[in-house]
Amino acid sequence: MTGTESIIAYINRSVQLNKEEALTFSEAFREVKIKKRQFIVQPQFVAKCRNYVVKGAFRAYVVDDSGQDSTIAFAIEDWWITDYNSYILQKPATMFVVALEDSIIMEIPYEKELALKQMNHQFETFFRIRAERTAAFMQQRIIANLTLTAEERYEAFINKYPQIVQRVPQYALASYLGMTTEFLSRIRNKKASSKS
């Protein structure tokens, strides 16, 4: 499936487009090949695009003043990623977004997204649904971080996203779950020994 076919299939799961609408929508996107370790968003630069992952894996993270980094999000095939605060407000980014694998994305520039929303109610509905789902996901994550133990957070993550666990570095997964790499190793070893 091409990047264009992937993005059309994705939007049709939320809103139904006719062939002409699907073509108009997909033409706002550009397919881009990204090398492993290449950044698509960096702090101090405005995130000009919203990115749909056709193939590959990405990590979004922030770095504090002491140099400690914290993973904010992952994205694999059929997911979206950018620094949303920067993209939506068109202000300098605070996050890094880096490819964890050689990847292919479909990127849509901010101005083209605005044009799509003004052009067609179905397009606007699609982006509203994306925003609502992102907001709901972020709330679930905040609540999980506040109410679940480290072991429970890890268990919930591997049950919900088993396809990600094997593809992201352990340090990145640990920082996403709010724990040290060593603590994550202990949880994994404990889990492995309980199975044997």
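Values in this text are rule-based calculations from the coordinates and carry no lab data. Predicted, not measured: the structure shown is a model, and the values here were computed from it. Neighbour counts run over all protein chains shown; Cβ positions are idealised from the backbone, glycine included.
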| message | Only one of Ile143, Ile129 is under 30 Å from Ile7 (Cβ atoms) and in a helix (DSSP H, G or I). Can you tell me which? | response | Ile129
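Go through the stretch 26-79 and report how many residues are in contact (Cβ under 8 Å) with a residue 12 or more places away in the chain, of a type in the set (D, E, K, R), closer than 23 Å to Thr180 by Cα and not in a strand (DSSP E or B). Walk me through how you get there before you give the answer.
Start the filter on the stretch 26-79 by keeping residues that are in contact (Cβ under 8 Å) with a residue 12 or more places away in the chain, which leaves 26, 28-63, 69-79.
Still in the list and also of a type in the set (D, E, K, R): 30-31, 33, 35-37, 48, 50, 55, 59, 69, 77-78.
Now narrow it down to the ones that are closer than 23 Å to Thr180 by Cα: 37, 59, 69.
Going one step further and asking which of them are not in a strand (DSSP E or B), we end up with 37.
Final tally of qualifying residues: 1.
Rundown of residues vs (1) of a type in the set (Val, Ile, Thr); (2) under 9 Å from the mean Cα position of the chain (by Cα), yes/no style:
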residue: Val53; (1), (2): yes, yes
residue: Tyr61; (1), (2): no, no
residue: Asp64; (1), (2): no, no
residue: Asp69; (1), (2): no, no
residue: Ala75; (1), (2): no, yes
| field | Options Phe137, Phe123: the member that is part of a helix (DSSP H, G or I) and touching a residue at least 12 places away in the same chain (Cβ under 8 Å) | value | Phe123
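Take Ser86 and tell me if it is in contact with a Pro (Cβ under 8 Å, 6 or more places away or on another chain), among the hydroxyl-bearing types (Ser, Thr, Tyr) and either assigned to a helix (DSSP H, G or I) or touching a residue at least 24 places away in the same chain (Cβ under 8 Å) (or both).
When the stated conditions are applied, Ser86 passes them.
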| remark: Residues in the stretch 155-164 that are more than 19 Å from Ser194 (Cα to Cα) and surrounded by 14 or more Cβ atoms within 10 Å (Cβ to Cβ) total 2
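Would you say Thr82 is within 17 Å of the chain's Cα centre (by Cα), surrounded by fewer than 14 Cβ atoms within 10 Å (Cβ to Cβ) and under 27 Å from Val165 (Cα atoms)? Before you say what the answer is, go through the steps one by one.
On the way: within 17 Å of the chain's Cα centre (by Cα): yes; surrounded by fewer than 14 Cβ atoms within 10 Å (Cβ to Cβ): no; under 27 Å from Val165 (Cα atoms): yes.
It is false that Thr82 is within 17 Å of the chain's Cα centre (by Cα), surrounded by fewer than 14 Cβ atoms within 10 Å (Cβ to Cβ) and under 27 Å from Val165 (Cα atoms).
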